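Reviewing the structure listed below.
The values are calculated or read from the model by the stated rules, or taken from the named source; none is laboratory data. This is a predicted model, so every value here is computed, not measured. Here the Cβ positions follow ideal geometry from the backbone for every residue, glycine too, while neighbour counts run over all protein chains shown. What goes into the accessible areas is simple: the full protein's heavy atoms, side chains included, and nothing from ligands, DNA or RNA. Shrake-Rupley method; radii C 1.70, N 1.55, O 1.52, S 1.80 Å.
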Amino acid sequence: MRLRTIIFFLSLLALVSTAAGGMHYYFSLQASAISLAHRRAASQTEVLANQISSFLSQNQKPVEALASLGELQRALARPDEANLAAVNEVLDKFQRSLEVDVCYLLNRQGLTIASSNRKSLDSFVGHNFSFRPYFQQALAGQGAKYLALGTTSKKRGAYYSHPVYPPAGGPALGVAVIKAPISLLESNLNLGGEEAAALLVGPHQVIFSTNRVGWLNRTLWPSTLEEWEAITRTRQFGDGPWPWSGLTRVGEHLVKDKAGSEYLLYSRPVENFPGWQLVYLTSMAGVAQWAFKPYLQTTGVVVLGLCIFAGLGVYFLYRKASQEITRRRVAEDDLRRSEERYRRLYHKTPALLHSVDTQGRLVNVSDYWSDALGYKDEEVIGRKLTDFLTPQSRHQAETEVLPLFFRTGRIKNVSYQFVKKNGEVVDVLLSAIAERDDQGGILKSLAVLVDVTALKHTEEELRQAQEKLREHSRDLERQVRQRTREITSFLKYTPAVAYMKDAKGRYIMVNSRFVELFSLSTEQVWGNTVYELFPSEVAEQFSQSDQQVLKTKRPVQVEERIRHDDGFNTYLTVRFPIINENGQVSRICGIMVNITDLKMAQEKLRRLSGSIMEGQEAERRAIARELHDELGQVLTALRIDAVWLRERLKGKGSDLKAEGRANNMCAIIDHTISEVRNIATRLRPPALEDLGLVDALEWHTSDFEKRTGIACVFNWDRVPEVDGHTAIATYRVAQEALTNVARHSGATSVDVALRGDNGRLTLSVTDNGLGFASEQLSEREGLGIAGMRERASLAGGSLGINSQPGRGTEVRLTLPVKPISGGQH
């Protein structure tokens with residue numbers, strides 16, 4: 001029994017010891033695995049953060065080169081068709097060379113005036129991006145890098161901006177921008193499997209890029225309504241929504257998702273992108289697996305060890321060794337994949353990259369470096385970097401740059417000249433940082449070279465263009481001086497008054513005739529308005545014309561009366577605006593010509609014409625009276641005798657021929673009497689004097705219809721009683737217009753309308769005839785139109801003619817009237 005008890009306790013002790021050893025081993029293994037996982041996660045986070053920072057900085061130098069090109073400066077200074085075409089060609093070349101999404105150009109207001117995607121449906125041209133921080137920062141004079149979701153294309157991208165300055169210096173004309181795709185970055189974040197996730201997190205904890213598609217555009221941690229409103233205001237991540245990713249922090253480096261899965265979390269800020277960080281997550285399930293599998297195997301070994309301890313001990317040691325080897329292989333595979341990603345990024349980045357050791361020998365060059373210089377890798381690896389430089393650059397590198405780099409571990413924007421394999425010289429800007437060992441010693445460099453050969457050529461072309469511009473400017477200055485002398489001479493010796501005002505009506509320039517006419521000195525005039533220089537009635541008429549020019553932005557021609565020492569003078573004044581680049585009136589110019597003598601001559605001519613027409617009317621009355629009184633009486637007597645003779649011969653068959661001739665004589669005399677009466681009436685219709693204008697026109701239109709066979713309709717409305725001069729003018733215009741209709745129009749109907757309204761009398765004669773082109777009106781003045789115009793002018797009115805080929809003609813007379821009493825009708 002004692003032996004059994006001892007064996008039992010020994011067995012129990014062995015079992016407990018084995019279990020305790022297994023548990024100790026499990027927890028030790030778990031702690032080791034977790035510690036290793038922490039180190040791997042921290043290391044992987046650091047590597048990825050550096051890779052992302054390098055990737056996001058690769059287009060900063062190209063955008064600086066783009067912003068310095070003359071095509072962009074000229075397009076911003078003068079955005080005409082030729083300059084925009086030139087800048088679009090440059091943007092297209094940069095877009096193709098850099099393999100980016102789009103290159104575009106913004107003016108100072110943030111409006112896109114040129115873009116490489118101008119032909120796409122989501123073209124940036126015409127869109128305003130002044131709200132973007134990259135625009136605001138660049139316009140303030142600093143290049144900017146910015147990550148955002150495009151408001152127009154709805155594509156995520158990295159934006160690189162730089163101000164475009166004028167050649168002569170001064171404030172920025174606009175901003176050049178390159179937008180790079182985020183797809184290449186995401187391919188480097190694709191870690192494979194479900195055990196790890198990399199997240200590029202922006203301000204307000206929005207996940208901008210990740211290899212976990214389900215977490216994209218979500219917030220890393222729960223967000224409040226105020227934080228959502230802040231995200232919306234930035235417009236950096238689209239219009240939302242931005243739901244929570246489901247991650248909850250349960251420790252400094254431990255988080256849990258909605259499903260309860262735990263992850264190790266490490267984060268690093270992204271260099272040169274404030275507010276941005278790389279977050280790296282590793283699944284704790286994978287970490288626990290490293291410890292749990294050995295535990296199960298150890299427990300099995302303990303159970304089986306009760307029977308075959310030695311064999312299982314060997315098997316346990318073998319399995320443990322196999323697991324360690326497998327774990328090392330996994331780590332090596334992860335390291336190899338990481339190196340492969342780094343190598344792919346190193347060789348595929350569109351920039352010249354190389355590394356040199358402490359002896360200045362090349363140890364690595366990117367594929368882009370080899371292709372750009374025309375060498376194969378085996379031709380350059382192991383050779384000194386200075387072997388590929390021009391003598392001047394080699395001396396600079398050996399005496400200044402390399403000693404400075406190995407002393408400080410950093411150089412920036414060093415200008416070198418490399419010699420390509422074909423002998424061509426390439427200008428570059430070199431920046432480099434050092435890779436150090438654990439003791440801080442420099443192992444090798446990582447250098448980035450930007451090809452600025454085209455920029456150098458552009459600078460030379462710009463220098464030549466500036467020289468041509470200076471020569472052109474001198475020629476323009478000479479022409480300006482010549483034109484200034486000519487304009488000054490014109491203003492000095494012209495007999496017309498000339499002046500210029502600003503938009504507020506203040507005189508800023510007057511000629512010598514202005515000073516002489518108004519007896520004012522130049523100093524008295526400058527800076528003052530018309531109200532400060534002239535009497536109120538003169539100032540008011542000047543101001544009204546100025547206001548009309550400001551309102552219509554068109555030239556205005558007016559007649560103005562101004563009192564001088566010799567009495568009132570009449571001036572024909574032309575005022576016209578000068579429009580600035582914003583479409584606003586900046587200056588008002590005026591030219592005044594004295595037409596007093598011309599107006600007096602016109603008045604004399606008008607009185608003479610009136611006298612002639614009054615004489616014509618008197619002559620018409622005299623002729624009508626003579627026809628009626630003298631010729632009418634003679635014809636009446638002749639008719640009495642002819643009737644007596646006809647009656648004597650009637651019924652006598654002895655002379656039938658004489659009787660027939662007597663009858664014909666009576667008919668001819670009756671017709672002649674009727675024609676004489678009609679002629680007298682047309683010369684001076686009795687109805688015009690006895691009954692008034694309306695009855696005279698009604699009689700005349702009826703007579704016109706009988707004589708011509710053309711349907712004539714006369715309408716009138718509210719016609720006031722008018723004086724004889726106005727009535728005669730209206731009647732004669734209607735008479736002449738109807739005569740033209742009968743002779744020339746080929747019309748079948750004509751409408752005559754007479755209306756009075758608001759102190760004006762309007763006569764219109766409208767036919768449906770052939771019509772004519774209005775521009776040919778001067779060729780038709782012989783159709784009585786000149787006489788009608790003269791009558792209208794003498795009566796103080798106006799005559800208008802509206803006609804189109806095939807659409808008839810309208811003659812419209814408008815006269816001012818002062819009713820003598822109540823209207824006729």
| task | Compute the signed sum of charges (Lys and Arg +1, Asp and Glu -1) over the other residues within less than 13 Å, Cβ to Cβ, of Ala65. | result | -2
| field | Computed E for Ala168/Gln547 - FRET, C-beta separation, R0 51 angstrom, nearest 0.05 | value | 0.80
| What full-extension length gain, to one decimal in nm, is calculated for Thr326 and Ala773 as 0.36 nm per residue of separation minus the Cα-Cα distance? | 150.7 nm
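Ranked from highest to lowest mean number of other Cβ atoms within 10 Å per residue, what is the order of the peptides 140-151, 722-733? List each step's numbers first, then the result.
Details: 140-151: 17.4, 722-733: 20.2.
In descending order of packing, they fall as 722-733, 140-151.
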| query | Taking R0 as 56 Å, what's the FRET efficiency between Arg78 and Asp723 from their Cβ-Cβ distance, rounded to 0.05? | reply | 0.25
| request: Quickly work out the Asp367-to-Glu195 label distance, labels modelled 7 Å from Cα along the C-beta direction, and quote it in nm with one decimal. | output: 2.9 nm
| said: So, taking all protein chains as they sit and a 1.4 Å probe, how much accessible area belongs to Trp228, in Å² rounded to tens? | reply: 80 Å²
| said: For a quick check of your reading of the filter: which trypsin sites (Lys or Arg not before Pro) in the range 437-546 sit in a DSSP loop and have no more than 16 other Cβ atoms within 10 Å? | reply: Lys504, Arg506
| Which pairs in the list Lys145/Lys421; Lys93/Lys376; Lys501/Lys553 are over 24 Å apart, alpha-carbon to alpha-carbon? | Lys145/Lys421; Lys93/Lys376
| message | Can you compute the label reach from Gln524? Point 7 Å from Cα along the Cβ direction, backbone N cut-off under 17 Å, restricted to the range 555-585. | response | 563-566
| Across the Cα atoms of the range 112-219, what radius of gyration and what greatest pairwise Cα-Cα distance (Dmax) are found, in Å? | 16.6, 58
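Please give the net charge around Met284, taking every other residue with its beta carbon less than 12 angstrom from that of Met284, where Lys and Arg add +1 and Asp and Glu add -1.
Working: positive: Lys256; negative: Glu195, Asp257, Glu262.
Net local charge, Met284 excluded: -2.
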| Under Karplus coefficients 6.51, -1.76 and 1.60, residue-wise ³J(HN,Hα) of the range 227-241 in Hz, glycine/proline x | 5, 4, 4, 5, 4, 4, 5, 6, 6, 8, 10, x, 9, x, x
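With a cut-off of at most 12 other beta carbons within 10 Å, and DSSP calling the residue loop, which GluC sites (Glu not before Pro) in the range 126-226 qualify? Please list them. Numbers along the way, then the final one.
On the way: sites: Glu186, Glu194, Glu195, Glu226; in loops: Glu194, Glu195.
In loop regions of the range 126-226 (DSSP not H, G, I, E or B), the sparsely surrounded GluC sites (Glu not before Pro) are Glu194.
How do 526-533, 106-113 rank on mean C-beta neighbours within 10 Å, highest first?
Numbers: 526-533: 14.5, 106-113: 18.9.
So the order, starting with the most tightly packed, is 106-113, 526-533.
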| query | What accessible area, in Å² to the nearest ten, does a 1.4 Å probe give for Asp475? | reply | 50 Å²
| note | Reduced to Cα centres, the span from the range 515-569 to the range 416-448 in Å works out to 76 Å
